[in-house]
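Below is one structure, written out as structure tokens; the observations come after it.
The values are calculated or read from the model by the stated rules, or taken from the named source; none is laboratory data. Just so it is clear, the structure is predicted and the values come from calculations on it, not from any experiment. When we count neighbours, we look across all protein chains shown, and the Cβ atoms used for this are built from the backbone with ideal geometry, even at glycine. Note: accessible area is taken over every heavy atom of the protein model, side chains too, but ligands, DNA and RNA are not part of it. Shrake-Rupley method; radii C 1.70, N 1.55, O 1.52, S 1.80 Å.
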Amino acid sequence: MLDKKQLITIKGTRDGLTLFIDEVCSYDLVVNELHATIAESSPKENEPVVSVKVQLGNRFLTEQQKKELTDIITKDHRFIVESIESSVIRREEALRWKEHSDIQAVSRVIRSGQVLEVTGDLLLIGDVNPGGKVVATGNIYIMGNLHGIAHAGSIGDRQAFIAASFMKPNQLRIADYISRAPDYEADGVYMECGLVDEEQDKIVIDRLQVLSHKRQVLSGFERRMQNG
């Protein structure tokens, strides 16, 4: 007789335990085996509480199912669930992620009193005149002069940045940080960027090339600008 397939695999790490759950079997089978597995592995009363990460692979669980697994692992056991991770997300979440990660390309001049606001990254081919304003939930790239206001990471992303061919803004905003124009005259030859320097706790302005060193995740568009 073949051995019964193990549905839950436990791997110990220096930070605790990782539970790998079979992604094919039924949820009910997972619940049944999890009860037994946790009971066998639970630390003794005189032992410290152990952190647990749950890896679901290509299995999707509802919030109620995640809560049920968390209760099984933690109730009457010396475990704490640090995270439950899955490679699968809901369609609505995927569409929302795509919307916030897309680059919205706009070709126009933003004049005084006008506001351009987009979800995701903004590529503006044109100028932002004094009194004009551009806002993006992601990064802002301006292939032109920035004399007005630019607000990147508008819903709180402090890793967002603002790049412009000529950087002399009325105001820069990144998430909840606010900065004025640089205290030097830009020559307009090199693209510049504004980004949050967490060590200085403020927005700093530098050449665009510094982004490859200061930001781990860069869009393909920005890489082309730096390499080109």
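The table below lists the values:
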read-out: Elements of type strands (runs of 3 or more DSSP E) contained in region 9-109, each with 1 or more residues being over 26 Å from the mean Cα position of the chain (by Cα); value: 50-55, 79-85, 103-107
read-out: Subset of region 110-140 (residues that are small (G, A, S) and outside any strand (DSSP E or B)); value: S112, G113, G120, G126, G131, G132, G138
read-out: Some residue of region 98-106 being surrounded by 13 or more Cβ atoms within 10 Å (Cβ to Cβ), at pLDDT 85 or above and not assigned by TED's automatic domain parsing to the domain that holds I142; value: no
read-out: Tabulated pairs, region 56-71, first open to solvent by 50 Å² or more (accessible area, probe 1.4 Å), second among the small types (G, A, S), C-beta under 8 angstrom, 6+ apart or interchain; value: N58/S86; N58/S87; F60/S86
read-out: Complete set of residues in region 25-43 that are touching a residue at least 24 places away in the same chain (Cβ under 8 Å), open to solvent by 30 Å² or more (accessible area, probe 1.4 Å) and more than 11 Å from I73 (Cβ to Cβ); value: Y27, E33
